[in-house]
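Here, each number is a calculation from the coordinates, and none is a lab measurement. Since this is a predicted model, take the numbers as computed values, not measurements. Every residue, glycine among them, receives a Cβ derived from its backbone with ideal geometry; neighbour counts consider all protein chains shown.
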Amino acid sequence: MPPEGGLSVASWIIGEQTRTISYGRLYRRLGVVSEQTMTKVAGVVRVLLGL
């Protein structure tokens, strides 16, 4: 898949490895995902969390 949201290289989300991080670690935005991608991610997270 080509990169989206302003990224220069392709990236991926590993839904099975959900982590929490402090807000302070989010210091620079690297890109923005499309609404379609975010919907897919939300669906995977719901399944993994049993919601």
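When the gyration tensor of the chain is built from Cα positions, what are the square roots of 5 times its three eigenvalues, in whole Å, from largest to smallest?
Here the semi-axes work out to 20, 17, 10 Å.
Highest first, please rank the peptides 22-32, 8-18 by the mean number of other Cβ atoms sitting within 10 Å of their residues.
8-18, 22-32
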